[in-house]
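In what follows, a single structure is set out as C-alpha cells and then discussed.
Readers should treat all values here as calculations from the given coordinates under stated rules, not as data from a laboratory. Note that this is a predicted model, so its numbers are computed, not measured. Cβ coordinates were reconstructed from backbone atoms using ideal geometry, including for glycine residues, and neighbour counts include every protein chain displayed.
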Amino acid sequence: MATIDVHNLRGETVGSFELADEIFAPDSVNEGLVWEAVKHFRAAMRQGTAKTKNRSEVSGSGKKLWKQKGTGRARVGSVRSPIWRHGGTVHGPQPRSYDYAFPRKKVLGALRSALAAKHAEGKLIVVDTLQLAEPKTKLYRAALDILDAKRTVLLVESSQELAVNTILGARNLEQVELLLSTEVHPYDVLRHDRAIFSKSALETLQESLKKSVSKRKLAQIRKAQVA
C-alpha cells in the first residue's frame, strides 16, 4: 500500500497517510470514463437558454397581403411567414436542458481515476488541517505559496472539520476553490493544477470510494499485486 506525506500549512512534513490500492493503483486510471464524466458535467452546466422566435412570436400583422388569385404573384397569407424577411424561424433552438442520466457508479469510478492521475503527477497534496488561527486571505496565500500551489488550486475539507476561518480566508483568493469532500467531482479535480486535501477529507472520501469498487475490479487489482 502506497503512502503520501502529510504536511502542515508551514510546509513541514508532520506524518504520512496510507493510500488505498483500490483508488491509487498506478494502472487504475480509466481515461475514457473520466472523459464521459467530464462531458456529462459540462452538459449539465449548460444554460440552454438559446431561443429563436417562430411565426407566432415575431411582430407583424396577420392580414392577408393580397387576394389569393388574379394577381399573378405567389399566394401568401402572412408577412410573418418563415420565407419572408423578418419572418419566423423554422426549427430554431428552444430553451432546453442538456442534462442526461449518468450512473453514479460511473461518476465514482471517474473520481477514483482523476485522483489517481493527480497523485501520479505529484500534484495531490495532503495537509493535517486547512484551518488557520485568523481568517485572513494573506495568510492563506502565503500558505499556498509554501506548498507550491501558485496556480489554480482545489481545497477539499470534510464537513466535520470545515471552519468559518477557512471559508473566510480562502473565498477571496483568485483561482482557488473550496469544496467539501462530499461535493468533489472529477471535473473539479482535473481543472485545477493542484488538489489540496485535509487529512480527514481524504480519509472520508477514500473510505467512500473504496465501498464503490466492484468485486471484479478489486480482483483485478489483487491479481496485479500478486503478479
Practice task
Place +1 on the Cβ of every Lys and Arg and -1 on the Cβ of every Asp and Glu in the chain, take the dipole about the Cα centre, and give the residue among 16, 102, 26 whose Cα lies farthest towards its positive end.
Solution key: 102
Handout entry: Mean Cβ count within 10 Å, highest first, over the residues of peptides 168-181, 69-82
Key = 168-181, 69-82
Problem - Fraction of the pair-distance distribution of the chain above 34 Å, Cα-Cα pairs, percent - result: 38 percent
Handout entry: Lys, Arg +1 and Asp, Glu -1 on Cβ, resulting dipole of region 52-92 about Cα centre, debye, nearest 20
Key = 260 debye
Problem - Value of relative contact order over region 52-92, rounded to a whole percent, pairs C-alpha under 8 Å and six or more apart - result: 49 percent
Practice task
For a quick protection proxy, order the peptides 32-41, 89-98, 134-143 by their average other-Cβ count within 10 Å, most packed first.
Solution key: 32-41, 134-143, 89-98
Practice task
Using the Cα centre as the reference, give the magnitude of the dipole from point charges on the C-beta atoms of region 90-184 (Lys, Arg: +1; Asp, Glu: -1; all else neutral), rounded to the nearest 20 debye.
Solution key: 360 debye
Fill in the blank from the handout: Summing +1 per Lys or Arg and -1 per Asp or Glu among the other residues with Cβ less than 15 Å from residue 96's Cβ gives +1
Problem - Those lysines that a straight Cα-Cα span of less than 17 Å connects to residue 138, excepting residues fewer than 8 apart in one chain - result: 150
Practice task
Place a +1 charge on the Cβ of each Lys and Arg in the chain and a -1 charge on the Cβ of each Asp and Glu, then give the dipole magnitude about the Cα centre in debye, rounded to the nearest 20.
Solution key: 2780 debye
Fill in the blank from the handout: Relative contact order of region 1-148 (C-alpha contacts under 8 Å, at least 6 apart) in percent is 34 percent
